1. Quick one: which of 503, 469, 439 is in contact with a Phe, Trp or Tyr (Cβ under 8 Å, 6 or more places away or on another chain), over 24 Å from residue 558 (Cβ atoms) and not hydrophobic (A, V, I, L, M, F, W, C)?
2. Can you tell me how many residues in the range 558-595 are farther than 19 Å from residue 453 by Cα, in contact with a Leu (Cβ under 8 Å, 6 or more places away or on another chain) and crowded, with 17+ Cβ neighbours inside 10 Å?
3. Could you list all residues from the range 447-476 that are among the small types (Gly, Ala, Ser), surrounded by fewer than 22 Cβ atoms within 10 Å (Cβ to Cβ) and farther than 21 Å from residue 424 by Cβ?
4. Answer with yes or no whether residue 599 is modelled with pLDDT under 90, more than 46 Å from the chain's Cα centre (by Cα), of a type in the set (A, V, I, L, M, F, W, C) and within 23 Å of residue 395 (Cα to Cα).
5. Got a number for residues in the range 308-354 being closer than 24 Å to residue 210 by Cβ and either touching a Leu at 6+ places or on another chain (Cβ under 6 Å) or not polar (S, T, N, Q) (or both)?
6. If I ask for residues that are open to solvent by less than 40 Å² (accessible area, probe 1.4 Å) and either farther than 18 Å from residue 337 by Cβ or not in a helix (DSSP H, G or I) (or both), which ones from the range 189-216 would you list?
7. When the residues of the range 306-322 are narrowed to those that are free of Cβ contacts under 8 Å to residues at least 24 places away in the same chain and assigned to a helix (DSSP H, G or I), which ends up farthest from residue 189 (Cα to Cα)?
8. Just need a number here: residues in the range 566-619 that are closer than 30 Å to residue 391 by Cβ, in contact with a strand residue (DSSP E or B) (Cβ under 8 Å, 6 or more places away or on another chain) and not charged (D, E, K, R).
Amino acid sequence: MSADTARAQDTTKKSLHTPMSEEEMVAAAERQSNLLVLKKVAPYLWPADMSWVKKRVIWAMVFLVASKLIAAVIPMIYKAAVDILAGEGVPVLALGAVGLTVAYGVARAMNVGFQQLRDAVFARVGQRALRMLALETFEHIHRLSMRYHITRKTGGLSRIIERGVKGVDFLLRFLLFSIGPLILELILTGAILAWLFDFWYLLVVAVTIAFYVWFTFAVTEWRVKLRRQMNDQDTDANQKAIDSLLNYETVKYFGAEQREASRYDDAMAGYEDAAIKTNYSLAFLNFGQSLLITCGLVVVMVMAAIGVQNDTLTVGDFVMVNAYMVQITIPLNFLGTVYREIRQALVDMGQMFTLLEQPAEITDKPNAPDLKVEGGRVTLENVRFGYDPDREILKGISLEAAPGEMVAIVGSTGSGKSTIGRLLFRFYDVQGGSLKIDGQDVRDVTQNSLHKAIGVVPQDTVLFNDTIGYNIGYGRDEATQADIEAAAKSAQIHDFIQSLPKGYDTAVGERGLKLSGGEKQRVGIARTLLKNPPILLLDEATSALDSETEHEIQDALRQAGKGRTVLTIAHRLSTVAEADRIVVLEKGEIVEQGSHDDLLSRNGRYAQLWQRQQSEDLS
């Protein structure tokens with residue numbers, strides 16, 4: 001095996017088992033060549049199957065070139081009007097000074113008009129590209145594995161999408177409509193100066209611009225580092241402030257107000273120093289740019305003035321040279337800012353494309369069929385699995401849940417109970433043995449059909465920041481209000497919802513925080529019942545509730561389990577005493593299984609756990 005192959009395999013292993021951190025993603029984005037990033041954007045601007053997009057791009061380019069050609073002519077019209085007024089010129093196109101002044105105004109209006117037409121025509125293309133990129137990234141994130149999501153910060157992923165899309169937007173607007181037109185204008189201006197005057201004018205302008213660009217890029221690179229330091233200090237100060245405010249009570253308990261103020265002030269002092277350096281560097285950049293442009297302008301104007309004195313140039317020529325220099329100076333003044341923002345935009349876009357290249361750990365096999373559920377028999381055959389290759393969690397588990405049977409899986413913390421549920425839903429793939437539903441290996445069927453067949457009531461039901469009706473209705477797309485209410489009745493929460501002033505239109509708040517734990521859990525049960533799956537997975541669905549609420553939820557869960565295959569993962573044994581069969585896990589292995597009474601009579605591990613919990617409840 002070659003070194004390149006081995007390296008590729010190592011990279012694949014890392015991407016599957018240790019997803020990139022945000023810092024690694026930034027580094028990877030910065031390593032990507034800018035040309036490669038632009039190449040990835042190109043298909044969104046020039047799709048193979050959409051002629052209307054190509055037409056709009058072409059027309060936008062036509063309007064762009066038209067606006068720059070008119071901009072190149074404007075100083076010539078200005079020169080002709082000045083020469084006539086100075087008595088040195090002849091009417092152009094039979095237009096006198098007044099006519100040329102009007103033509104000058106019309107040309108300026110046409111220049112602006114073509115620029116606005118360019119923006120209007122291209123707007124739909126640009127916005128479509130942004131929407132398609134954002135949608136593709138969003139869908140890809142949902143395809144990534146559970147392993148990836150539990151190692152990443154959700155806010156970080158959101159920022160990557162946001163910054164990446166904004167980066168594309170900025171790049172489209174400034175690279176296509178600022179840098180591109182600026183280069184075209186510089187070329188036209190240089191050609192006109194060389195044609196109407198002589199090569200020396202072109203040489204002075206070219207040297208001035210070359211020094212200007214070199215100075216701008218060099219100082220901007222320096223300023224980028226200073227700006228990054230300033231942003232880091234700002235982030236540090238902001239984090240300290242938020243952390244202190246979130247821990248308001250702790251600060252008060254320990255009388256640490258002054259200590260927190262000192263920590264915040266130290267962070268702000270670092271930000272102050274970095275901000276001052278950034279401001280100094282900006283002043284240096286602005287002065288240097290102005291000095292270079294002024295020197296170039298003065299040299300060209302001196303050359304033109306000598307020409308006027310020698311009668312080789314007219315006063316209009318002098319004015320025209322000045323107009324051209326001023327015309328190219330204005331966009332050049334923004335070059336530093338645009339260059340810095342384009343560099344950042346390319347990095348942000350690189351992060352987004354790096355995210356898009358992150359492979360999904362769990363994928364469907366080519367042409368995988370849908371799962372066909374006939375009864376809902378769940379079978380684990382010698383299942384082995386570990387989140388880390390060096391630490392096996394499940395060590396050859398074999399068990400079966402028959403159609404309509406309730407099987408409870410219990411055991412101490414870390415025994416592998418919840419892992420079985422994650423493997424069943426195929427958040428991860430088994431590393432040994434097999435997991436089947438009605439004889440079909442879950443790895444051989446489509447994930448979509450598998451997920452439709454399994455309903456999950458987790459330990460902590462998380463709700464969307466919307467209404468109760470929306471959250472219950474999330475269980476099945478296009479569910480009617482009658483369907484939603486029927487599910488709520490089965491989950492024994494309909495009467496509570498009706499007692500609320502807004503009923504099913506009551507907002508639940510972020511993550512459902514306006515509801516109690518029991519209310520949230522009932523909404524979660526109703527949502528799962530609306531899905532109407534043949535297999536139900538209860539993952540410690542009542543462990544976080546008080547005893548009274550737990551008993552109420554248990555009634556709802558018993559109703560939910562009727563006619564379904566139910567796998568119950570539980571820590572509190574009293575909640576599974578009525579299960580058809582109880583499987584006891586210990587360190588990734590099944591040590592006992594049977595009914596509640598049978599296991600108690602054996603006086604084994606289950607009996608120990610039961611007695612311990614009974615003692616804790618009594619105490």
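1. So the residue among 503, 469, 439 that is in contact with a Phe, Trp or Tyr (Cβ under 8 Å, 6 or more places away or on another chain), over 24 Å from residue 558 (Cβ atoms) and not hydrophobic (A, V, I, L, M, F, W, C) is 469.
2. 9
3. Hit for the range 447-476 is 469, nothing else.
4. Numbers: modelled with pLDDT under 90: yes; more than 46 Å from the chain's Cα centre (by Cα): yes; of a type in the set (A, V, I, L, M, F, W, C): yes; within 23 Å of residue 395 (Cα to Cα): yes.
For residue 599, the condition - modelled with pLDDT under 90, more than 46 Å from the chain's Cα centre (by Cα), of a type in the set (A, V, I, L, M, F, W, C) and within 23 Å of residue 395 (Cα to Cα) - is met.
5. From the range 308-354, those closer than 24 Å to residue 210 by Cβ are 320-343, 346; that's our starting set.
With the extra rule that they be either touching a Leu at 6+ places or on another chain (Cβ under 6 Å) or not polar (S, T, N, Q) (or both), the set shrinks to 320-321, 323-326, 328, 330-332, 334-336, 338-343, 346.
Count: 20.
6. 189, 190, 192, 193, 194, 197, 201, 204, 205, 208
7. That would be 309.
8. 23
The values are calculated or read from the model by the stated rules, or taken from the named source; none is laboratory data. No experiment lies behind these values; they were computed from the predicted model shown. Here the Cβ is made from the backbone with ideal geometry for all residues, glycine too, and neighbour counts use every protein chain on show. What goes into the accessible areas is simple: the full protein's heavy atoms, side chains included, and nothing from ligands, DNA or RNA. Shrake-Rupley method; radii C 1.70, N 1.55, O 1.52, S 1.80 Å.
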